[in-house]
Amino acid sequence: MRPLAVVIGPPGAGKSTVGRRLAAALGVRWHDTDSAIEAAQGATISDLFVDHGEAHFRALERAEVAHALTGGDVVVSLGGGAPMDPETQTLLAGHTVVFLDVGIADAARRIGFEGNRPLLMMNPRASWTKMMNERRDTYQRLATIRVDTAGRKPAEIVAEVVAALGRTTATEEQS
């Protein structure tokens with residue numbers, strides 16, 4: 001069984017917030033790959049980057065994504081860099097992939113650019129813009145659903161994704 005949706009996007013897009021709320025709306029589990037890696041490793045993503053390097057983290061991430069995609073009725077939120085891995089791109093083929101598109105103004109407001117994100121530590125605004133310019137084409141290519149999150153509340157975004165999935169929410173099913 002495949003996940004109902006795999007949520008991708010850059011830092012600040014709302015992957016965790018929307019993924020969690022989407023899972024609740026659909027009445028299924030939510031699986032955040034970054035949180036799963038942190039729990040399994042007993043360390044934050046930032047610490048894993050600093051202590052072991054990006055290549056080590058990306059290998060852990062690739063394995064966690066592969067595991068998450070076999071989870072059945074679930075909504076999966078991927079870390080922002082996960083879709084850049086060619087093996088992960090292959091794994092995502094045939095899945096419903098939701099790209100949460102966001103501009104720098106909303107991303108900055110949501111995550112604050114305070115330096116707790118390993119790839120945004122130096123000059124966060126310029127780093128985010130460069131990262132998004134490098135990743136946008138991949139996010140768009142992998143996406144089966146694209147949602148513009150600019151200036152929108154999580155509930156609005158979730159409602160759009162639920163409609164795009166052609167699903168009803170768990171509360172609608174109970175009525």
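The values are calculated or read from the model by the stated rules, or taken from the named source; none is laboratory data. Just so we're clear, the structure is a prediction, and the values are computed from it rather than from any experiment. As a convention, Cβ positions derive from the backbone with ideal geometry for all residues, glycine included, and neighbour counts pool all protein chains shown. Keep in mind that these areas ignore ligands, DNA and RNA; they rest on the heavy atoms of the full protein, side chains included. Shrake-Rupley method; radii C 1.70, N 1.55, O 1.52, S 1.80 Å.
Residues are listed down the side, and each one gets a yes or a no for (1) among the β-branched types (V, I, T); (2) farther than 13 Å from L142 by Cβ:
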| position | (1), (2) |
| --- | --- |
| H56 | no, yes |
| A66 | no, yes |
| S77 | no, yes |
| M84 | no, no |
| T88 | yes, no |
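Annotation note: Cβ proximity below 7 Å between a residue of segment 132-154 that is part of a loop (DSSP other than H, G, I, E, B) and a residue that is surrounded by 16 or more Cβ atoms within 10 Å (Cβ to Cβ) and charged (D, E, K, R) (sequence gap 6+ or interchain) occurs for T149/D101; T149/D106; A150/D106; G151/D106. Output the residue which, of all residues in segment 64-78 that are touching a Ser or Thr at 6+ places or on another chain (Cβ under 6 Å) and without any contact (Cβ under 8 Å) to a residue 60 or more places away in the chain, is farthest from L92 (Cα to Cα). Out of the qualifying residues, it is E64. Taking A23 as the residue in question, decide whether it is open to solvent by 70 Å² or more (accessible area, probe 1.4 Å) and free of Cβ contacts under 8 Å to residues at least 60 places away in the same chain. No, not satisfied.
So for segment 92-103 (the condition being at pLDDT 75 or above and among the small types (G, A, S)), does at least one residue qualify? Scanning segment 92-103, I find at least one residue that is at pLDDT 75 or above and among the small types (G, A, S), so the answer is yes.
Which ones in segment 1-25 are outside any loop (DSSP other than H, G, I, E, B) and modelled with pLDDT under 95? Answer for segment 1-25, where residues must be outside any loop (DSSP other than H, G, I, E, B) and modelled with pLDDT under 95: K15, S16, T17. Looking at A40, is it more than 15 Å from the chain's Cα centre (by Cα), within 20 Å of G94 (Cβ to Cβ) and not in a loop (DSSP other than H, G, I, E, B)? Criteria not met by A40. Close Cβ contacts (under 8 Å, 6 or more residues apart or on different chains) running from residues in segment 90-102 that are part of a loop (DSSP other than H, G, I, E, B) to residues that are of a type in the set (S, T, Y) comprise H95/T144; T96/T144; V102/T149.
Residues that are open to solvent by less than 40 Å² (accessible area, probe 1.4 Å), farther than 17 Å from P11 by Cα and under 14 Å from the mean Cα position of the chain (by Cα) within segment 43-64 comprise just one, E64.
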